[in-house]
Amino acid sequence: MQQTLGAGGSRRLLKRLRDLMASSGTGQERLNQVARIIAADFVAEVCSIYLMRAGEVLELFATQGLKQAAVHKTRLRVGEGLVGDIAAHARPLALSDAQSHPNFAYRPETGEEIFHSLLGVPILRGGRVLGVLVVQNRTFRDYEEEEIETLQTVVMVLAELVASSALISPAEMQRTEGLALLPVRLDGLRLNEGIAIGRAVLHKARVTIRQMVAENAAAELTRLRQAVTSMHSAIDDLLAASGFAEGDEHREILESYRMFAEDRGWLGRIADAIDTGLTAEAAVQKVQDDTRARMLQVTDPYLRERLADLDDLANRLLRHLVGETSAATAELPEDAVLIARSMGPAELLDYERRHLKAVVLEEGSPTSHVAIIARALGLPMVGRVKDALAQIEPGDPMIVDGQNAQIILRPGDDVRAAFVAVMEAQAQRRASYSALRDLASVTRDGVAVSLNLNAGLLVDLDHLEETGADGVGLYRTEIPFMIRNSFPGVEAQTDLYRRILERTGGRPVVFRTLDAGGDKLLPYLERNVEDNPAIGWRAIRMTLDRPLLLRQQLRALLRASAGRRLDVMFPMVAELAEFRAARAVLDLEITRAERRSEALPTTLRVGTMLEVPSLFWQMPALLREVDFLSVGSNDLVQFLFASDRGNARLADRYDVLSPTVLAFLHDVVRQCDAAGVPVQLCGEMASNPVEAMALIGVGFRHLSMPAVAIGPVKAMLRSLEVSALSCYLSTLTGSTDRSLRGRLRAFAHDHAVMI
């Protein structure tokens, strides 16, 4: 390449490709011609096109400059060689000396050993890699940024040719040949619990782009501005119709989504793409494909989750450009199970709620915006279901099992009947648990156990009445911080905490201060890459280093609790000095309020989480300074066993009902009881009836858990005789067994304890 094309040259090249696509000839013939046109316009000695085949194999489909005998014979796996590297990372690669690169893979049949410089770009369509386009030269050439952008624009047109031609059969592209009518079980990640039976409805977010190359760039920019205005108006209407109150977290999610839609950088990149010669629709798709390719390389979970919001916005803008108002215009069956690669929160709200039974995503995470909205709507949701769109056909009967994070596709009558029986049994159990709602949480031998909720959103508080919980044992304050694009100020926090206290109707609420960092990142704080984020800069460590965050949160909690009781605890405390430092910040805010004659809580209780084992050896001194202690079993057990709870290989290696864990917890309770300090447990252990039984057996009298666990745990404890259990556990002291779970289940069975 002796010179760059420039914007004018780019537009001329696009028009030549547009004319070629409209011409007659087979897909292979047109692909060969594309290679010749690009090589000529770029003054490149080689232009090669590799397409993705089944099994993630890239095959040389067309070339100008390499040996023709290599076409359909040269193959590279994704990740193999430079071409495979481009496909694996979905990003361009420009090298002045390709052969010196460690990933270079020589294929003698191509004759490419005489070429040194290489520029390759992925052929993307809808975020998926369809292939790779490569140009090469004999000289050691440094390719310019403008040349890379031109090739990225060219592959937008090429992607449509690949998708619309019979170069590779749709069956092979989807890798579903022979599976169409067979029952299939697909595994994923639980995003929201529940079981649903229904028929598949594919979320048709993608808009077909019929014209890629623009005739008039100015006219396309005008169309873009009009579509953006129309989209903003439609989002405002959606906000007004959502039913979420002002200040509600779910409304805040939609408002942050609205802010994405006004991002000048995003809209500016679309306008720049139009200037290269693309239509407004093609420009939107190009920018989104580029954005998706970049964001898929990001490890930050918050940023990765925002990708679904950006996909939603791009699809929404495309629909406004082509005159479609919604992706959900088709009439839904009454038992619709929505299938999508990913979704934004607004897309889910586009659908008629009364017809939706569940949602299945190829991507997604529990803290994604769409998952939070699904929980608010009570929809079972399973995410990270690999190749869901490729394996599920519209109208397919299916079962979504949110509890076990699996999909049963095209189930047989016996499987369907089994799930219907499970759903009926669950309904009966829920009815029986509802009957326990107003009954005391007291064991058969008269031991009272306080059952409380874990919460993190206002919608969680609706379960207080229906479960009869005594209060909120853990309110995770970080979730409202995570769904915003900026730090919530004192007024916003005060309003939220006040509404929490009002909705609990006088029941106690234990507020945990901001537990962010690690894997719970805030988008507006600096990000540090950490090898071990669970034991890194998070929770109290972060807020003590950023005291303004802690001061503002504590100020808001004090103001919201004026004239009421306030229970506040600090997370991830590893030593007494950290608790004292956090308590000093609280005392500073109390002094500040007194100077300003601001009303204060009538009762103030300050506690700490016991999650880091090192704190256990400072318990005697700690218990003289705290008003209560809350055991966070999730992190505590992880740290006790040095076992990453997110590592699938370690998921079943250690049991929370091991003698080690129970002995540790028994000693914690013993020390707290001796000091007269209330102690509770608010981790996952409290939500399982067998594990909750063991906790009661070692002395816990306050447990906090998700709403769905209240009924089963109350049924268990009302059938339990604690004295018999405590005697039995004493016989197991010093056991070296890996787990006591089997023995505890046997005890429950022998003593008619409902587990």
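The values are calculated or read from the model by the stated rules, or taken from the named source; none is laboratory data. A quick note: this is a predicted structure, and the numbers were derived from the prediction, not measured. All Cβ positions, even for glycine, are placed from backbone atoms using ideal geometry, and neighbour counts span all protein chains on display.
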| remark: Here the residues within the range 255-276 that are of a type in the set (Gly, Ala, Ser) and either in the same structural domain as Leu161 (by TED's automatic domain parsing) or at pLDDT 85 or above (or both) are Ala271, Ala273
| remark: Inside the range 417-464, the number of residues satisfying the requirement of being crowded, with 16+ Cβ neighbours inside 10 Å and in a helix (DSSP H, G or I) is 8
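Conditions (1) surrounded by fewer than 23 Cβ atoms within 10 Å (Cβ to Cβ); (2) at pLDDT 95 or above; (3) more than 30 Å from Thr660 (Cα to Cα), marked per residue:
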| position | (1), (2), (3) |
| --- | --- |
| Leu554 | no, yes, yes |
| Met569 | no, yes, no |
| Thr608 | no, yes, no |
| Leu629 | no, yes, no |
| Phe639 | yes, no, no |
| Ala642 | yes, no, no |
| message | Condition (residue is part of a helix (DSSP H, G or I), at pLDDT below 80 and either not assigned by TED's automatic domain parsing to the domain that holds Glu160 or not basic (Lys, Arg) (or both)) applied to the range 279-286: is it met by at least one residue? | response | no
| Looking at the range 367-411, which of the residues that are in a strand (DSSP E or B) and aliphatic (A, V, I, L, M) is surrounded by the fewest Cβ atoms within 10 Å (Cβ to Cβ)? | Ile408
| query | Is there a residue being surrounded by 15 or more Cβ atoms within 10 Å (Cβ to Cβ), among the acidic types (Asp, Glu) and either assigned by TED's automatic domain parsing to the domain that holds Leu31 or in contact (Cβ under 8 Å) with a residue 40 or more places away in the chain (or both) anywhere in the range 79-88? | reply | yes
| query | Of the numbered conditions (1) modelled with pLDDT under 90; (2) closer than 27 Å to Glu29 by Cβ, Phe61 satisfies every one except a single condition; which is it? | reply | (1)
| request: Could you please let me know if Asp97 is assigned by TED's automatic domain parsing to the domain that holds Gln152, of a type outside the set (A, V, I, L, M, F, W, C) and touching a helix residue (DSSP H, G or I) at 6+ places or on another chain (Cβ under 7 Å)? | output: no
| task | Please state which one of Arg185, Arg125 is modelled with pLDDT under 85 and loosely packed, with under 14 Cβ neighbours inside 10 Å. | result | Arg185
| request: Output the number of residues of the range 59-105 satisfying the condition of being in a helix (DSSP H, G or I) and touching a Pro at 6+ places or on another chain (Cβ under 7 Å). | output: 2
| field | helices (runs of 4 or more DSSP H) wholly inside the range 532-626 containing at least 1 residues that are out of contact with any helix residue (DSSP H, G or I) (no Cβ under 6 Å at 6 or more places or on another chain) and more than 27 Å from Leu501 (Cβ to Cβ) | value | 539-545, 576-595, 619-622
| message | Of everything in the range 669-699, what is surrounded by fewer than 22 Cβ atoms within 10 Å (Cβ to Cβ), among the hydrophobic types (A, V, I, L, M, F, W, C) and closer than 12 Å to Leu623 by Cα? Give them in sequence order. | response | Val669, Ala674, Ala675, Val677
| query | Among (1) touching a helix residue (DSSP H, G or I) at 6+ places or on another chain (Cβ under 9 Å); (2) hydrophobic (A, V, I, L, M, F, W, C); (3) outside any loop (DSSP other than H, G, I, E, B), where does Ala674 come up short? | reply | (1)
| request: Can you confirm whether the range 106-114 contains a residue that is outside any helix (DSSP H, G or I), of a type in the set (A, V, I, L, M, F, W, C) and out of contact with any His (no Cβ under 9 Å at 6 or more places or on another chain)? | output: no
| task | Name the one entry in Glu363, Glu347 that is free of Cβ contacts under 8 Å to residues at least 60 places away in the same chain, charged (D, E, K, R), in the same structural domain as Gly194 (by TED's automatic domain parsing) and in contact with a helix residue (DSSP H, G or I) (Cβ under 9 Å, 6 or more places away or on another chain). | result | Glu363
| message | Can you tell me which of (1) touching a Gly at 6+ places or on another chain (Cβ under 6 Å); (2) at pLDDT 95 or above is the one Arg580 doesn't meet? | response | (1)
| Hey, Val722 hydrophobic (A, V, I, L, M, F, W, C) and crowded, with 17+ Cβ neighbours inside 10 Å or not | yes
| Name the pairs: first residue in the range 115-143 and closer than 30 Å to Asp312 by Cβ, second residue outside any loop (DSSP other than H, G, I, E, B) and basic (Lys, Arg), Cβ to Cβ under 6 Å, at least 6 apart or on different chains? | Gly127/Arg292
